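First comes the structure, then the notes that go with it.
Please treat every number below as a calculation from the coordinates, not as lab data. Note that this is a predicted model, so its numbers are computed, not measured. We place every Cβ from the backbone using ideal geometry, glycine too, and count neighbours over all the protein chains shown.
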Amino acid sequence: MQSSNGRPCGGGGGADGSAGHRDHDSSPGEASGGARYDDPWYDALASGWGESDGVGGAVPEAGPASRPGEDEAAAAADVYLEVQRSAAFQEVRSRYLRFVVPGVAVFLVWYVAYLVTATTAPGLMAHPVAGAMNVAMLAGLGQFLSTFLFAWAYARHARLRRDRAALELRWNTQELTRGVQGGAL
């Protein structure tokens, strides 16, 4: 069995750890086009916790001293701060909050009202509505229904009012970070 990075799982030995499973000579960080994808997390975590890096040595520690692109990372962080301060980001965030805060408040009030009524007015909740169906059962089913309605309304609101603007923000952020980091990621 192989991991997703082309390296055998486990510490070696046996059929799973044989060298026959390594069918490529390129580094795992290289794309098919030969361009290197510099991911600071890949070098530290790709081979797993305490596994060898496939050459026989231990996995190098990825500390602050071993990061050659600290200036690029700081510049990328500045890009994200700039985007966070932008009017477009603030608009997406305010649309999100204008929907979620009242929606969650209404949902929690409805839930607490159901619980309080069930504990303080058991006679009302036991009142039969139709056959074996009583007020408590209808209110319980109403909880499920309101959960699904809230999820549907959230998804619809996101699709109609936030997704396009958020996608544009994401695209602009990626373009800005590419420009800061000097080329393709």
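Ordered by packing density, taken as the mean number of other Cβ atoms within 10 Å over each peptide's residues, highest first, how do 128-134, 90-96 rank?
Ranked from most to least packed, the peptides come out as 90-96, 128-134.
Taking θ as phi - 60°, what are the ³J(HN,Hα) couplings along the range 155-160 by the Karplus curve (6.51, -1.76, 1.60), each to the nearest whole Hz, with x for Gly and Pro?
Once rounded to whole Hz, the list reads 5, 5, 4, 4, 5, 8.
Which of rounded, prolate or oblate describes the range 138-180 when judged by the alpha-carbon gyration tensor and an a/c cut-off of 1.5? Mind dumping the intermediate values first?
Details: a/c = 9.76, a/b = 4.26, b/c = 2.29.
Here the range 138-180 falls in the prolate category.
Taking 0.36 nm per intervening residue step and subtracting the Cα-Cα distance, what contour gain separates ALA87 from ALA74 on full extension?
Here the segment from ALA87 to ALA74 would lengthen by 2.5 nm.
So if each residue of separation counts as 0.36 nm, and I subtract the Cα-Cα distance between ARG159 and THR147, what length gain in nm does that give?
Residue separation times 0.36 nm, minus the Cα-Cα distance, leaves 2.5 nm.
Long-range amide H contacts for ASN134: which residues qualify at under 5 Å (H placed 1.01 Å from N, peptide plane, sequence gap of 5 or more or a different chain)?
Result for ASN134 returns VAL129.
Could you check the spin-label model distance between GLU175 and LEU138? Points 7 Å from the Cα along Cα→Cβ, value in nm.
5.6
Within 14 Å, Cβ to Cβ, of ARG85, how many net charges do the neighbouring residues add up to if Lys/Arg are +1 and Asp/Glu are -1?
Details: positive: ARG93; negative: ASP78, GLU82, GLU91.
Summing Lys/Arg as +1 and Asp/Glu as -1 gives -2.
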